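The values are calculated or read from the model by the stated rules, or taken from the named source; none is laboratory data. Predicted model only: the values in this text are computed from it and were never measured. Cβ placement follows ideal geometry from the backbone for every residue including glycine, while neighbour counts extend to all protein chains displayed. These accessible areas exclude ligands, DNA and RNA; they are computed on the full protein's heavy atoms, side chains included. Shrake-Rupley method; radii C 1.70, N 1.55, O 1.52, S 1.80 Å.
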Amino acid sequence: MTERIVLAYSGGLDTSVAIGWIGEATGAEVIAVAVDVGQGGESLETIRQRALGCGAVEAYVADASDEFANEYCMPTLKANALYQGHYPLVSAISRPVIVKHLVKAAREFGATTVAHGCTGKGNDQVRFEVGIQTLGPDLKCIAPVRDLALTRDKAIAFAEEKGLPIETTKKNPYSIDQNVWGRAVETGYLEDIWNAPTKDIYDYTATPEFPPAPDEVTISFEGGVPVAIDGVRVTPLQAIKELNRRAGAQGVGRIDVVEDRLVGIKSREIYEAPGAMALITAHKHLEDITVEREQARFKATVGQRWAELVYDGQWFSPLKRSLDAFIEDTQQYVTGDIRMVLHGGQAIVNGRRSGTSLYDFDLATYDTGDTFDQSMARGFIELWGMSAKVASGRDIRVAGK
Ligand code: ARG
């Protein structure tokens, strides 16, 4: 029986050519698998037909947009995960859900190998292959760009020679990856890290120098997850989409960073994540009133480690699973409303309320009726500083000898 290979298919030039290229190099039949993670653009049926037109024996499309929002974006939100303090893991969290569907398709169509369109220099090859090793340990992996010398020039020549139903002339100088959680743009002119991004790079956000009137929004959360916007019930996917639209119109969520890739390279990336950044900001502010101080301090370090693990392709690892359990436990009381103003590229919280809040007005107030007994503070400070005071006494003693 002819060997079958499942290919992660985007509908773009490289993966379209990869169908025939893999076929010629290996003699295998190629099954194209496209996964909808809310990237927008062409319809999945158009993409499916193109895969068949490029020689795929089967083309399978999976609508994973709700699954992606519920099981991948929401854990990222609960963790307030920002890799290196900036990047909300847009591409990093999409790879594991794509892998799930690739492995499922490999089983369904009797494939022995999974293929993807990544280069040998990035993080995504690692995320795909570590995920596949974990979920389908018997499956082999192949990356035509990396392993079968499929360069851009060769891809264009191949598409023209074979008359593939794909545009080869439309020259986009950037490498773009997008889904409902955000959009990543790199390469070309952006590789000079002193070059400011030009306006044409952006798609999810409007240019904030010319802002429309401020937009005030109230986001309601239950257990760390958004459940309503301005009082209208929403699913996680709807919440992200609605905030992509409203925060995007105000230029919220633009990020320009040089980040540390897993393979040891520092690389420049431009991100746009209006919905994600508005949600993370709101969620963090709700945690500020509902999560106890020590739990909150520890959670910040857990969230950072979580972001590193996910960035580094360890989504399915035991440590990531253990950290998820901790984070989930902290979300028990993260229920309430956050009001924020979206304007001029910023999302600024200006009100919060929660039935499970730890904010105690009577303890906090400087007005009469205050229940905080200030006379306790003197003794507390004396004991709090004791250890450092004893140590400093020792320093003086030793220095004096
Ligand atoms: N640097 C990001 C990451 O590793 C995004 C990778 C994909 N970026 C792109 N523009 N194609 O998660």
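Net charge of the neighbourhood of residue 217, taken over other residues with C-beta under 10 Å away and scored Lys/Arg +1, Asp/Glu -1, is -2. Per-residue Karplus couplings for the stretch 119-133, computed as 6.51 cos²θ - 1.76 cosθ + 1.60 with θ equal to phi - 60°, are listed in order as 7, x, 10, x, 7, 5, 4, 5, 4, 4, 6, 5, x, 5, 4 Hz, Gly and Pro entered as x. Of all the Cα-Cα pairs you can form in the stretch 149-205, what percent are over 15 Å apart? Roughly 62 percent, rounded to a whole number. Based on protein heavy atoms only, the chain ends up with 50 Å² per residue of surface accessible to a 1.4 Å probe.
Close amide H partners of residue 140, meaning residues 5 or more places away or on another chain with modelled amide H under 5 Å apart, are 113, 114.
If you sort the three axes of the alpha carbon gyration tensor as a ≥ b ≥ c, you get a/c of 1.5 or more for the stretch 137-181 and a/b no higher than b/c, which makes it oblate. I'd like the FRET efficiency for residue 112 and residue 218, computed as 1/(1 + (r/R0)^6) with the beta carbon distance as r and R0 of 56 Å, rounded to 0.05. For R0 = 56 Å, the calculated efficiency reads 0.60. Note on the chain: with neighbouring protein chains present and a 1.4 Å probe, carbon and sulfur make up 54 percent of its accessible heavy-atom surface.
Considering only 366, 393, 303, the residue lying farthest towards the positive end of the dipole of the stretch 280-401 is 393, judged by Cα position with unit charges set on Cβ.
In the assembled protein chains, residue 309 presents an accessible area of approximately 10 Å² (probe radius 1.4 Å). Projecting the Cα atoms of 163, 174, 184 onto the charge dipole of the stretch 121-224, computed from C-beta unit charges around the Cα centre, puts 163 farthest toward the positive end.
Set against the 2.2 N^0.38 Å expectation for a compact globular protein, the stretch 354-401 has a Cα radius of gyration ratio of 1.96. Looking only at the chain, where both bridge partners belong to it, what percent of the DSSP beta bridges are antiparallel (to the nearest 5)? Percentage antiparallel, nearest 5: 70.
Dividing the summed helix terms, -39500 (n - 2.57) for each DSSP H run of n ≥ 4, by the number of residues in the chain produces a 222 nm estimate of -13000 deg cm²/dmol to the nearest 500. Evaluated with a Cβ-only charge set (Lys, Arg +1; Asp, Glu -1), the chain carries a dipole of roughly 880 debye about its Cα centre, given to the nearest 20. Here the Debye sum runs over all C-alpha atoms of the stretch 46-143 as equal scatterers in vacuum, and log10 of I(q)/I(0) at q = 0.11, 0.14, 0.20 Å⁻¹ comes out as -0.39, -0.62, -1.13. With only Cα atoms counted, the stretch 288-401 has Rg and Dmax values of 21.5, 62 Å.
Based on the convex hull around the alpha carbon atoms, the chain presents an average projected area of 27.2 nm².
Across the stretch 91-101, computed HN-Hα scalar couplings (Karplus, 6.51 cos²θ - 1.76 cosθ + 1.60, θ = phi - 60°) run 6, 4, 7, 7, 4, x, 6, 5, 4, 3, 6 Hz from first to last residue, x flagging Gly and Pro. Figure note: 266, 140 ranked by solvent-accessible area, largest first, 1.4 Å probe, ligands and nucleic acids not counted: 266, 140. Amide H contacts for residue 60 (H built 1.01 Å from N in the peptide plane; partners 5 or more residues away or on another chain; cut-off under 5 Å): 32, 33, 34.
Taken as Cα centroids, the stretch 339-395 and the stretch 163-215 sit 43 Å apart, rounded to the nearest whole angstrom.
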